[in-house]
Each structure stands twice: as structure tokens, then as C-alpha cells.
1. Evaluate region 139-147: report whether one residue or more is of a type outside the set (Asp, Glu), assigned by TED's automatic domain parsing to the domain that holds Arg101 and without any contact (Cβ under 8 Å) to a residue 24 or more places away in the chain.
2. Could you please find all residues in region 112-154 being hydroxyl-bearing (Ser, Thr, Tyr) and either assigned to a helix (DSSP H, G or I) or surrounded by fewer than 17 Cβ atoms within 10 Å (Cβ to Cβ) (or both)?
3. Only one residue in Val118, Val144, Val150 is within 18 Å of Glu230 (Cα to Cα) and in contact with a strand residue (DSSP E or B) (Cβ under 8 Å, 6 or more places away or on another chain). Which one?
4. Could you list, in sequence order, the residues of region 204-230 that are within 20 Å of Leu98 (Cβ to Cβ) and of a type in the set (Asp, Glu)?
5. (1) without any contact (Cβ under 8 Å) to a residue 40 or more places away in the chain; (2) farther than 18 Å from Gln200 by Cα; (3) in contact with a His (Cβ under 9 Å, 6 or more places away or on another chain): which one isn't true of Thr160, the others all being true?
6. Name the residue that is nearest to Tyr128 (Cα to Cα), counting only residues in region 51-82 that are β-branched (Val, Ile, Thr) and in a strand (DSSP E or B).
Amino acid sequence: MLNKWEGIVLRAIPYGETNEIVTLFTKEVGKATVMARGSKKQVSRLSAVTQPFAHAAYLVYASGKGMGTLQQGDLIESMRSIQSDLKTMAYASYIAELVDRSTEPYDSRTKGVYHLLVQAFSALEEGYDPAVITLFVEWQLLPVNGTYPVVHECASCGATEGQFAYSFKEIGLLCHRCFHVDARAIPLPPAIVRLIRMFQTVPIDQIGNVSLKPETIRFIQRIVRTIYDEETGLYFKSRRFLEQMERTPELAPLPKREQKKP
């Protein structure tokens, strides 16, 4: 059966001398894997549409939910600007791996992720701060992984006003009345609370090019990445490279927490 899908390349793995196994995230069926025969040849008509982060319309022969065969592709956006900058490409690689590791093939429940992915890559292509754009993706993919941080009210009493701290124990905010629930909760300035709420709920295409101080970005990164580490169990190879790029000696790490009991 011939299918027409709009999608973005998450990754491509060489298969033999001239072929590739390409993982797409599509608007129609979510994540799908296809065989791109001859795509590694310089003269291949599939070469451009199987490059990392390429956004294209694809014709795929697929029967059932197994691996399809890529027949044709029409490029919508090459994402060339992303690939021309090492920092931006590193963040894009992490976003692609986040989406890949957070979803299963042909899962209709994750089709909405496609719009998040398109918005993120479009913003990166336009030159938006890649660290900020990645925070939107990290926070908004947590529910896809079955984790729902409570950030619009106190996770203990439901209060929506007051001073707040983030509790990894409660997986959400605690107001000042409930700080006793988790003595190791991390106090948050009001501006950080507002930013976390924005990252979790606001579509990327509804904001401008947000500019944040590096220390603000790093602080929020540590929170959301600790949530991934403690709640999802996922390991991201691309994040290790990113963190080497991001590491700055003047920033102290978050306080250590007690290990969870089995």
C-alpha cells in the first residue's frame, strides 16, 4: 500500500554500502521506520530527503506496521541552517533523540508530538536560542513519557499563590505552606516558576525569540533533566555531548537528594 506522509528525519543508519534505515516522525502515523534504498549514493533522488532533520513529503510503500520502503520524497525544508552550526545541530540531535526515545512506532497517541517537533526545528532554523527551544521540548515531552509534573498549583494542597519550591519527591511545586512535605525541595524565584509554566504549556510558535540569562537556562535544565533521570529511566547519548558543551565551572550543581527506596 502506497502512503503519503509528511515527516521529519529523526535519524538515519547506514545499511550496506548504499542504503539507509531512516526513522521518520510523521504527521499521519507518528514514528515510522523506512528503508531508503540507494540514498547514500551522491546522485540518489532520496539523498536530500534522508538528511538529518530534513522536513519533507514522503511516498512510502508499507503494509501493516513493519518497516516500509521509501519510494519518493519532496523536500519541504532542508534545515540547512541547523546543520551549519555545531551548537544548534547538537541541540537538534538531542531533540530528535528525545522524540525518538519517547515514542513508539505507529502510536496514534503521540501524533501530536509532530507539531511540537516541527515548531522546534523551524525555530532553530530561524536562529532562536537552541537551549531555550530545547527546554520547551523537554518539558512538553514529559507527559508522553507518563510523567506529569504539577507546576500550576501546589502538588500537596492545590494552592496557586505564594512562594514555591520544586519537589522531586512530589514531582511538582510545593507552596511555602507545604515546604515541610519535602525538606529537600528547591526554592524557586517567581520568575523561574513563570518560565517553567510557560515551557510546559505554551506552543513554541506562540512566543518570540526568548532571551534568558545562561544561569537561568542551566537552572531550569537541571530540574527538567533530573525529572527525566529519576522518572523515565531514559538515557540520551546526545545529551552527554550537550552537557559537555554547556558545562561552566562557576555554576554549582543542584543539591544532592537521597536515593529512592526500591
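The values are calculated or read from the model by the stated rules, or taken from the named source; none is laboratory data. Keep in mind the model is a prediction, meaning the values are calculated, not measured. All Cβ positions, glycine included, derive from the backbone under ideal geometry; neighbour counts span all protein chains shown.
1. So far as region 139-147 goes, yes, one or more of its residues are of a type outside the set (Asp, Glu), assigned by TED's automatic domain parsing to the domain that holds Arg101 and without any contact (Cβ under 8 Å) to a residue 24 or more places away in the chain.
2. Tyr114, Ser122, Thr134, Thr147, Tyr148
3. Of the residues listed, the single one that is within 18 Å of Glu230 (Cα to Cα) and in contact with a strand residue (DSSP E or B) (Cβ under 8 Å, 6 or more places away or on another chain) is Val150.
4. Scanning region 204-230 gives Asp205, Asp229, Glu230.
5. Just one mismatch for Thr160, condition (2).
6. So the residue we want is Ile76.
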